[in-house]
Amino acid sequence: MRERDLARVIGITEADYVASFCGSEATRIEPRFPDLFPGLSQVGEVMALTRNESAVHEKIGHFEKFINGTHAALMLGADIDTRMFPKNWVHGFAVEKTGEGETRHSLQFFDAHGEAVQKIHARPESDMAAWARLVSKLKHPDQFPGLRDRPEPAAPLPRALPDRALTQTLNSRWRALTDPHQFHGLLKDLKLHRLSAFELAGADLAWQLDGGAVSALIRYAAEDGLPIMCFVGNRGCIQIHSGPIARVLDKGPWINVLDPGFHLHLRTDHISDVWAVRKPADIEHVTSVEAYDAAGNLIIQFFGTRSEGQAERADWRELVNRLPRLDQPVSLGGSQ
């Protein structure tokens, strides 16, 4: 049983579980971005893992260009590409686990609710002397076994019934966007959940897809060798894969991508809503496919690979248009 699942059975958070081994398998460290990420760039090849309740995103490669920020920080690189939100990196641990004749090393970071934001695993090619120097530099003076304050569960994501009176305002402001990244600010201004905005928008801006559309997308992209962008995130980190995918396997409810530098594990039975969404960009528009769970949490997003100043790939648009649509009226819904 994985530590995340074992902690849940015991009735504690994963951060509680890992912290209980401080002084033996775990060393409490401080998640100081200006030291952490430049230090990781000296370690060489690692595996970066970012997950949420329904998807696990793993990238193998090097930490390269770090851009710090108070509210958001970036890691830009050919292999590891992330968007990080420092206030949600609250607990950190360097973990050493010995078993099956080897010792596995990882850095594990958790938010205030005790949920993992990112884990970084050493690889056979990693420079373990640089790893040890980084752990020593980040070591916290408090090595108490456990957390001093028990994390509280995160509150459910609120989603109020959308106000139809916002439809015209939403549509006009949506069409006036010049960059897809402005969409978050639009939703914040109008106090709209993403799914509510999709339901209110016109069918040329957002249309609902069948629940099997995500699996179809993954298989189509692999068959066609189409380079895609795959985003998986949580409160503290969003991790991105850019490029083609090839090896796709099913195992129970999971659909898996198992390529040399990229692994994706997605719980298809957690997918409740899937939408195709168009947003204006510097050149025409970009199209995303987004999957949500029954509580309205974003599980995963897909885009076609694209560079700024270039139009969206025609073959990506064609793929999205091939995905099965939900052939029934969309009813507005929501809950507090």
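The values are calculated or read from the model by the stated rules, or taken from the named source; none is laboratory data. Treat the numbers as computed from the prediction; the structure is a model and nothing was measured. Reconstructed Cβ throughout: ideal geometry from the backbone, glycine too, with neighbour counts over all protein chains shown. All accessible areas refer to the heavy atoms of the entire protein, side chains included, with ligands and DNA or RNA removed. Shrake-Rupley method; radii C 1.70, N 1.55, O 1.52, S 1.80 Å.
At-a-glance table
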quantity	calculated
Pairs, first more than 28 Å from I67 (Cα to Cα) in segment 21-41, second open to solvent by 60 Å² or more (accessible area, probe 1.4 Å) and not in a loop (DSSP other than H, G, I, E, B), C-beta under 7 Å, six or more apart	E25/E96; E25/K97
Qualifying residue in segment 20-35 (condition: at pLDDT below 95 and touching a Pro at 6+ places or on another chain (Cβ under 7 Å))	yes
Boolean, F198 is open to solvent by less than 80 Å² (accessible area, probe 1.4 Å), in contact with a Phe, Trp or Tyr (Cβ under 6 Å, 6 or more places away or on another chain) and either hydroxyl-bearing (S, T, Y) or assigned to a helix (DSSP H, G or I) (or both)	yes
L192, sole failed condition from (1) at pLDDT 95 or above; (2) closer than 24 Å to R83 by Cβ; (3) not basic (K, R)	(1)
A295, sole failed condition from (1) part of a strand (DSSP E or B); (2) surrounded by fewer than 17 Cβ atoms within 10 Å (Cβ to Cβ)	(1)
Candidates D282, D327, D269, D315, filtered to the one that is outside any strand (DSSP E or B), within 23 Å of F198 (Cα to Cα) and at pLDDT 95 or above	D269
Those residues of segment 71-111 which are under 22 Å from K139 (Cα atoms) and of a type in the set (V, I, T), in sequence order	V90, V95, T98, T103
Test: residue in segment 266-279 that is touching a strand residue (DSSP E or B) at 6+ places or on another chain (Cβ under 8 Å), open to solvent by 30 Å² or more (accessible area, probe 1.4 Å) and within 17 Å of E58 (Cα to Cα)	yes
Residue within segment 52-70 that is open to solvent by 10 Å² or more (accessible area, probe 1.4 Å) and without any contact (Cβ under 8 Å) to a residue 12 or more places away in the chain present	yes
Count - residues of segment 201-220 that are open to solvent by 20 Å² or more (accessible area, probe 1.4 Å), within 22 Å of the chain's Cα centre (by Cα) and among the hydrophobic types (A, V, I, L, M, F, W, C)	1
Residues located in segment 221-265, provided they are among the aromatic types (F, W, Y) and open to solvent by 10 Å² or more (accessible area, probe 1.4 Å)	F231, W254
Index of the failed condition, L74 passing every other in (1) open to solvent by less than 30 Å² (accessible area, probe 1.4 Å); (2) closer than 17 Å to Q239 by Cα; (3) not small (G, A, S)	(1)
Index of the failed condition, R83 passing every other in (1) of a type in the set (D, E, K, R); (2) part of a strand (DSSP E or B); (3) modelled with pLDDT under 95	(3)
Residue pairs meeting the criteria (Cβ under 6 Å; at least 6 apart or on separate chains; first more than 15 Å from V320 (Cβ to Cβ) and without any contact (Cβ under 8 Å) to a residue 60 or more places away in the chain, in segment 275-300; second hydroxyl-bearing (S, T, Y) and surrounded by fewer than 20 Cβ atoms within 10 Å (Cβ to Cβ))	A294/S272
Filtered residue count, segment 139-170, keeping only those that are in a helix (DSSP H, G or I) and farther than 18 Å from S288 by Cβ	6
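Here's the yes/no breakdown for (1) over 20 Å from R150 (Cα atoms); (2) touching a strand residue (DSSP E or B) at 6+ places or on another chain (Cβ under 6 Å); (3) of a type in the set (K, R); (4) in a loop (DSSP other than H, G, I, E, B):
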{"residue": "D5", "(1), (2), (3), (4)": "no, no, no, no"}
{"residue": "V9", "(1), (2), (3), (4)": "no, no, no, no"}
{"residue": "V18", "(1), (2), (3), (4)": "no, yes, no, no"}
{"residue": "S24", "(1), (2), (3), (4)": "yes, no, no, yes"}
{"residue": "T27", "(1), (2), (3), (4)": "no, yes, no, no"}
{"residue": "G39", "(1), (2), (3), (4)": "yes, no, no, no"}
{"residue": "A48", "(1), (2), (3), (4)": "yes, yes, no, no"}
{"residue": "H57", "(1), (2), (3), (4)": "yes, yes, no, no"}
{"residue": "F66", "(1), (2), (3), (4)": "yes, yes, no, no"}
